[in-house]
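The values are calculated or read from the model by the stated rules, or taken from the named source; none is laboratory data. Small disclaimer: the values here were computed from a predicted structure and weren't measured. Quick reminder, even Gly has a Cβ in these numbers, built from the backbone with ideal geometry, and neighbours come from all protein chains shown.
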Amino acid sequence: MIWIFQDVALSFDGFLKQEFVMDWISRLRAQSRKLHEKAHRLPFFQALWRHQLPLESFVTQLRCLAVIHGAMEKFLAAHEFQEPFRTLMEGYRPKLPLLLQDLDLYRERWIVNVLPAVEKALRIADRILVLSEENNTALVGFFYTLEGSTQGGRIMEPHVQKTFSIPEGQGTAFFSCYGEHTQDRWQGFLYALAHAAMDASAQETVIKASGELFEALLEVYDKLFPFLEDQLGHHVVSLNPEAGQHPIPSDERELRASVAAAHRCWNAFPYFEMRYGDRGKRFAASDAAWLTTLCNLEVGALIDQVFWLADVLSVRGIPTWLLENQLRMLHEELMKARPEEMARYERLLLTSDVLRSRRASAFSEEKMVAFGHELKERFFRGSNGPWKDLCLVLAAATADEVSGIQGSLEGVLSWLRSFVKDTDLDTDALKQLLETRARSHP
Ligand code: HEM
């Protein structure tokens, strides 16, 4: 395939003609040019141009890119006011939402992953995490490679549409990311990069890091296609590209049931949506799938794991009462899907009961519900919907605090303070009442 690698940066500003800038930017771009030669030889792209790429390779590609862009965007979100990222991000369009949108087209089909490619992508995400602690300059190079690579999307888009018979305007949001502004955005990026205050050693770091990521991406594509049958399988990244690496059921019926239970629980408690949004919903699905794998453990070990999770979640704003409910719904959905596995799934019910008795022995169910009503009457009178649910969540956090999980109340209050900051809710008075009630139940 013939393609043109224009020296776009040269045309828009005399500044770039200055030798010292030209030198490092053109070396950076020459490296990309060279690495593209390798990219074009990869069987993945050859198969795509011939419209013979298997769907598993393509969908896994989207998931791998979601893992990598997700990790990069987490870093960028934390550095968006810091130079050079602030300037490099002018006009930036986040890729993770676009990839998730494209993946939505395949959600109901439960397409398996090419697992070795996912492993490679997760390694890149880990590397981004390490560099975010150790070397932000290297992440400038990563940003250049990732942002630059979106330019190939314009060429891939029609092939993707044709290969997978995707109707126009669907499933290719990532590939058409900047649309007709692609050139402008890229020129702007290069201009900002050339103007960034970086000494010679930082410039070398950027070039080296950019090459490192390009090579690592080539490895991902190399694993994506061709693949062997036994390299295919489900992976948590299909449910949540930000979940990292943890087990999920290999059985598709169990996977479907886990996600159904997560969504049921999500819808039953509007607090989840209020606080955690779409990202939280993806974590709810991947966590539910992980909980299902715990059914394979002995009851004692299962209870230990769930108690550990319950305490971690409670101080992060998800009182154990919500997890109890999730476990019950998970049990119901799994029983619908595979009733023959009843003996394994009952362990979830048992664990939910043990969690409940810990909470109830400190703060009974009736008291918790009554306290929720009291909070609603005192602080949210006249407003219904999610506020009623929130009051029960606050009552449940109080119950956790009484049962010995220190920090549960603050787990919810810390969020609530910023959520209601423009309203007349007296959060100090609310906090005082919650703490008094928690103290009065030794
Ligand atoms: C591992 C895969 C790939 C990576 C990491 C990657 C990365 C990059 C980067 C960093 C740039 C910016 C170069 C610059 O202007 O400084 C770029 C540009 C570009 N890439 Fe890729 N790329 C990949 C695969 C492909 C493929 C398979 C195609 C084929 C269609 C392609 C087509 C393009 C095009 C057309 C440009 C714009 C070049 C220009 O306007 O001069 N890329 N890519």
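Side notes on the structure shown:
- Only one of the numbered conditions (1) at pLDDT 80 or above; (2) crowded, with 20+ Cβ neighbours inside 10 Å is not met by Lys367, and that is (2).
- For the stretch 76-126, the tally of residues that are assigned to a helix (DSSP H, G or I) and not hydroxyl-bearing (Ser, Thr, Tyr) stands at 31.
- Boolean, Ser165 is over 22 Å from Leu65 (Cα atoms), away from the ligand (no atom under 13 Å from the Cβ), over 27 Å from the mean Cα position of the chain (by Cα) and free of Cβ contacts under 8 Å to residues at least 24 places away in the same chain: no
- Residues of the stretch 265-281 satisfying the condition of being surrounded by 17 or more Cβ atoms within 10 Å (Cβ to Cβ), assigned to a helix (DSSP H, G or I) and touching a residue at least 60 places away in the same chain (Cβ under 8 Å): Cys265, Tyr271, Met274, Arg275
- Count - residues of the stretch 391-428 that are in contact (Cβ under 8 Å) with a residue 12 or more places away in the chain, of a type outside the set (Phe, Trp, Tyr) and either within 22 Å of Arg381 (Cβ to Cβ) or in contact with a Gly (Cβ under 6 Å, 6 or more places away or on another chain) (or both): 16
- In summary, Leu228 fulfils each of the numbered conditions (1) away from the ligand (no atom under 16 Å from the Cβ); (2) farther than 15 Å from Leu122 by Cα; (3) in contact (Cβ under 8 Å) with a residue 12 or more places away in the chain; (4) not charged (D, E, K, R) with the single exception of condition (3).
- Checking each residue in the stretch 101-137 for being farther than 19 Å from Val59 by Cα, of a type in the set (Val, Ile, Thr) and either buried (at least 17 other Cβ atoms within 10 Å of the Cβ) or within 15 Å of the ligand (Cβ to nearest atom) (or both) picks out Ile128, Thr137.
- Helices (runs of 4 or more DSSP H) (entirely within the stretch 1-54) containing at least 1 residues that are at pLDDT 95 or above and more than 15 Å from Leu193 (Cα to Cα): 19-41, 43-49
- Members of the stretch 32-45 that are more than 10 Å from the ligand (Cβ to nearest atom) and surrounded by 13 or more Cβ atoms within 10 Å (Cβ to Cβ): Pro43
- Each residue in the stretch 170-183 was checked for being in contact with a Ser or Thr (Cβ under 9 Å, 6 or more places away or on another chain) and either polar (S, T, N, Q) or free of Cβ contacts under 8 Å to residues at least 12 places away in the same chain (or both), and 2 pass.
- Total residues in the stretch 415-442 satisfying the condition of being over 35 Å from the mean Cα position of the chain (by Cα) and among the small types (Gly, Ala, Ser): the figure is 2.
- Residue in the stretch 138-159 that is more than 13 Å from the ligand (Cβ to nearest atom), touching a helix residue (DSSP H, G or I) at 6+ places or on another chain (Cβ under 9 Å) and hydroxyl-bearing (Ser, Thr, Tyr) present: no
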